[in-house]
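I have placed the structure first, in the form of structure tokens, so that the comments after it can refer back to it.
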Amino acid sequence: MVKIRVVYVLGSSWGGIPHYTAELANAVSRYANVAVIKPKDSNDYLFDQKVGVVDVFPPIEFSQKNFLRLLFRNIKKVFLYRNVRLVDTLKPDIIHIPASYPYISLFAFLYRLNKRYPMVCTIHGTYKSILHLLRFEFKYGGLNHAVSLLISEFLNYLPKYDKVIVHAQSNMDTLVMKGYDPKKIAVIPHGAYNLFKKIGSNKRSDEEDNSVLFFGYITEKKGIKYLFKALPIVVRKIHDVKIIIAGEGDLSRYSGLISKYRANLEIYNEFIPNEVVSKLFSRAKLVILPYEAKDLPPGHSGVLTIAFSFGKPVVTTNGGEFPTLVKDCGLAVPPENPEALAEAIIKLLEDDELRKRMSRNALKRAEELSWDNIAKMHIKVYEDVLNERGKRDQN
């Protein structure tokens, strides 16, 4: 049987999407011929040897906080993303854009790639409306962030994708409400990241007593403010609790609390190298995702799936998809409630039996969300798209 040829178009060098693309491409390569066109950066090592890696884009690290300033500074580099047309040299059966990059969408449209090839795009988060996007992102990310996502939202409508992949039914419901054809939407869960366990296998550490991990890029919507408010409550009950905060972002407004509770905090306020991720997660008794927003857009968290792969119970808030995602392997509390957050942290640190049961459930969830299972779901989508495109071409 002839394997289909899938080409992934990776448009970024930063954040979690390179890891997502690598996990997906590596798993799909067991069932299809796979190539990835991507920026010229250091992420090549993430991909298996079976995956053809073609570096054609300039590496641009767009911070959402400084999007507009960096956009104008890198405008010449942005136009080099027209190299997406080099996908023709790879002769794909299907093109998959694993995240909604505005500049990839623009040049895919201008070069009419969707006319020549079936195209699939993964949308990792959805907004009910433009007003919802602006209100939410302006509140939690600022003007630059809101404008960057507004531009993305507009440009992503340009190519007519054969299929859009989302991670939850609520994502699909939102898109249908906005006018998408439900037949052109597929729901495939976010896989449980396993790369970090492989990359940091020689840097694993023993689990440490009363240790809690907050991991990822630090923004207001992730509820870091309420974690700091919960800290004194937890310390009163568990004097030697250790809160590990690891990620880029502005912590200056919490300098007073950081100084006061220095003995209970371990902070790495920087981009965390891939090989260090394993050490941080293996040290933690549990992982905390205290998202602030009550109107959190439906979506998924890559940090959550890393926690699953390491068998870590999760304390999060009950906005968006989180209550469903952490069922049986964590606790969900009301957002913007430091007392409830503290109580959940204390409960899981003190109740060894509950925490160990949730740890086992987290590992089971990681197995369910294995990239092999996710790859098979994608192969089914690709085959359906090719069949539909074939029928349409015959007519």
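Pick from segment 328-342 the residues that are touching a residue at least 12 places away in the same chain (Cβ under 8 Å) and part of a helix (DSSP H, G or I): which of them is most open to solvent (accessible area, probe 1.4 Å)? Ranking the qualifying residues of segment 328-342, first place goes to Glu339. Considering the conditions (1) open to solvent by 10 Å² or more (accessible area, probe 1.4 Å); (2) of a type outside the set (Val, Ile, Thr); (3) in a strand (DSSP E or B), Tyr8 is excluded by exactly one of them, (1).
Within segment 366-395, restricting attention to residues that are not in a helix (DSSP H, G or I) and not aliphatic (A, V, I, L, M), the residue that is nearest to His239 (Cα to Cα) is Ser370. Of the numbered criteria (1) touching a helix residue (DSSP H, G or I) at 6+ places or on another chain (Cβ under 9 Å); (2) within 30 Å of Asn114 (Cα to Cα), the one Lys327 fails is (2). In summary, Val234 fulfils each of the numbered conditions (1) aliphatic (A, V, I, L, M); (2) open to solvent by 10 Å² or more (accessible area, probe 1.4 Å); (3) part of a helix (DSSP H, G or I) with the single exception of condition (2).
Could you tell me whether Thr122 is among the β-branched types (Val, Ile, Thr) and modelled with pLDDT of 85 or more? The answer is yes for Thr122. Quick test of your reading of the structure: Ala108 fulfils all but one of (1) within 23 Å of Val187 (Cα to Cα); (2) modelled with pLDDT of 80 or more; (3) in a helix (DSSP H, G or I). Name the failing condition by number. Of everything listed in (1) within 23 Å of Val187 (Cα to Cα); (2) modelled with pLDDT of 80 or more; (3) in a helix (DSSP H, G or I), Ala108 misses just condition (1). For segment 187-207, the tally of residues that are at pLDDT below 90 and open to solvent by 20 Å² or more (accessible area, probe 1.4 Å) stands at 10. Taking the numbered list (1) closer than 19 Å to Leu46 by Cα; (2) modelled with pLDDT under 90 in turn, Ser309 passes all entries but (2).
Yes or no: segment 343-365 includes at least one residue that is of a type outside the set (Asp, Glu) and not in a helix (DSSP H, G or I). No, there is no match, as no residue in segment 343-365 is of a type outside the set (Asp, Glu) and not in a helix (DSSP H, G or I).
Tell me, which residue of segment 217-231 that is outside any helix (DSSP H, G or I) and in contact with a strand residue (DSSP E or B) (Cβ under 8 Å, 6 or more places away or on another chain) is nearest to Val333 (Cα to Cα)? In this case the residue turns out to be Gly223.
Condition check ((1) over 24 Å from Glu207 (Cα atoms); (2) modelled with pLDDT of 95 or more; (3) of a type in the set (S, T, N, Q)) across all residues:
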residue: Val303; (1), (2), (3): no, no, no
residue: Val314; (1), (2), (3): no, yes, no
residue: Phe322; (1), (2), (3): yes, no, no
residue: Glu336; (1), (2), (3): yes, no, no
residue: Ala342; (1), (2), (3): no, yes, no
residue: Ile345; (1), (2), (3): no, yes, no
residue: Leu348; (1), (2), (3): no, yes, no
residue: Lys364; (1), (2), (3): no, yes, no
residue: Ile374; (1), (2), (3): yes, yes, no
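Right, Tyr226: touching an Asp or Glu at 6+ places or on another chain (Cβ under 7 Å) and surrounded by 17 or more Cβ atoms within 10 Å (Cβ to Cβ) or not? Yes: the conditions hold for Tyr226.
Just one of the numbered conditions (1) touching a helix residue (DSSP H, G or I) at 6+ places or on another chain (Cβ under 7 Å); (2) in a strand (DSSP E or B) is not true of Asn43: (2). With respect to (1) surrounded by 17 or more Cβ atoms within 10 Å (Cβ to Cβ); (2) closer than 24 Å to Ser301 by Cα, the lone exception for Lys184 is condition (1). The residue pairs whose first member lies in segment 179-200 and is without any contact (Cβ under 8 Å) to a residue 60 or more places away in the chain, whose second member is part of a loop (DSSP other than H, G, I, E, B), and whose beta carbons are closer than 8 Å, counting only pairs six or more residues apart or on different chains, are Lys184/Tyr161; Lys184/Asp162; Val187/His167; Val187/Ala168. Of all residues in segment 159-176, those that are within 19 Å of the chain's Cα centre (by Cα) and open to solvent by 20 Å² or more (accessible area, probe 1.4 Å) total 3.
Filtering segment 65-105 to residues that are open to solvent by 20 Å² or more (accessible area, probe 1.4 Å), in a helix (DSSP H, G or I), at pLDDT 85 or above and not acidic (Asp, Glu) leaves Arg82, Asn83, Arg85, Leu86, Thr89, Leu90. All of (1) in contact (Cβ under 8 Å) with a residue 40 or more places away in the chain; (2) over 23 Å from Asp351 (Cα atoms) hold for Ile244 with one exception: (2). For segment 1-40, residues that are among the aromatic types (Phe, Trp, Tyr) and in contact with a helix residue (DSSP H, G or I) (Cβ under 6 Å, 6 or more places away or on another chain) total 2.
The values are calculated or read from the model by the stated rules, or taken from the named source; none is laboratory data. The structure displayed is predicted, hence computed values, not measured ones. In this analysis, Cβ positions are derived from the backbone assuming ideal geometry, glycine residues included, and neighbour counts consider all displayed protein chains. Heavy atoms of the whole protein, side chains included, go into the accessibility calculation; ligands, DNA and RNA do not. Shrake-Rupley method; radii C 1.70, N 1.55, O 1.52, S 1.80 Å.
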